[in-house]
Amino acid sequence: MKIILLGPPGAGKGTQAEILSKKLKINTISTGVMLRTAIREKTELGEIAEKYINDGKLVPDDVVVGIVKERLSQPDCENGFILDGFPRTTEQAQALAESGVKIDKALSLEVADETIVERLSGRRECSECGTPYHIKFNPSSAGEKCEKCGGELICRKDDNIDTVKNRIEIYHEKTEPIKAFYEKQGILVVAHGQEKLEDTTKEVFSALGIEEK
Ligand code: AMP
């Protein structure tokens, strides 16, 4: 299954991507994780991306489209993948369609703007492998460490209030219109980011037609 996860920052895309990835045995491709890894490793890509990310702006389309196309051409993506955080503009959605990749479902994970700030303030991320956590909604079983790799859990630099406001605005202006793009193709489905993680997962599975057990 080839799935796109759409939704504002803090909707729970990363967490649901993890759950879907385990359930469907396909990999998650998160442009946010790829870009933050590049920043940590001080690569050329990281150097380009850093300023945009820290300001809560979108990294230019050509840069992001380039890394996603490259990643999707790898053998592990042949049988399926979950795209988290891409596409984020209509141009990116068009570039993906033109590259010949056939998406099965685009899932829009929706939460109200008011809820986003609360969610992001409790968000943590593994500094080593990028696994997402939330101190209230999705805590690590290893406390302050990542339960997968033991890495330090950190707050993302772009989760501060001003940057978050920017990211929400950009989401409404640039990313939300993509829903119409996938609706026209008849592959858009919707789920709501709920208070309880399991309730969100239930809706996500049902929207995608996945059996829970
Ligand atoms: P995320 O982890 O998905 O919230 O992404 C964090 C940041 O990475 C975003 O605020 C953007 O600056 C950048 N980014 C991630 N994905 C994209 C994308 N598809 N297009 C442009 N910028 C992106």
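The values are calculated or read from the model by the stated rules, or taken from the named source; none is laboratory data. Computed from a predicted model, the values in this text were never measured in an experiment. Quick reminder, even Gly has a Cβ in these numbers, built from the backbone with ideal geometry, and neighbours come from all protein chains shown.
Things worth noting here:
- At least 1 residues being at pLDDT below 95 and not acidic (Asp, Glu) is the threshold, and among the helices (runs of 4 or more DSSP H) wholly inside segment 1-75 those reaching it are 13-24, 31-40, 44-54.
- Index of the failed condition, residue 41 passing every other in (1) surrounded by fewer than 13 Cβ atoms within 10 Å (Cβ to Cβ); (2) touching a helix residue (DSSP H, G or I) at 6+ places or on another chain (Cβ under 9 Å): (2)
- Condition broken by residue 130, with the remaining ones in (1) under 23 Å from residue 3 (Cα atoms); (2) in a helix (DSSP H, G or I) satisfied: (2)
- Residue 109 being aliphatic (A, V, I, L, M), part of a strand (DSSP E or B) and buried (at least 17 other Cβ atoms within 10 Å of the Cβ): yes
- Per-region count, segment 76-96, residues more than 10 Å from the ligand (Cβ to nearest atom) and not in a helix (DSSP H, G or I): 5
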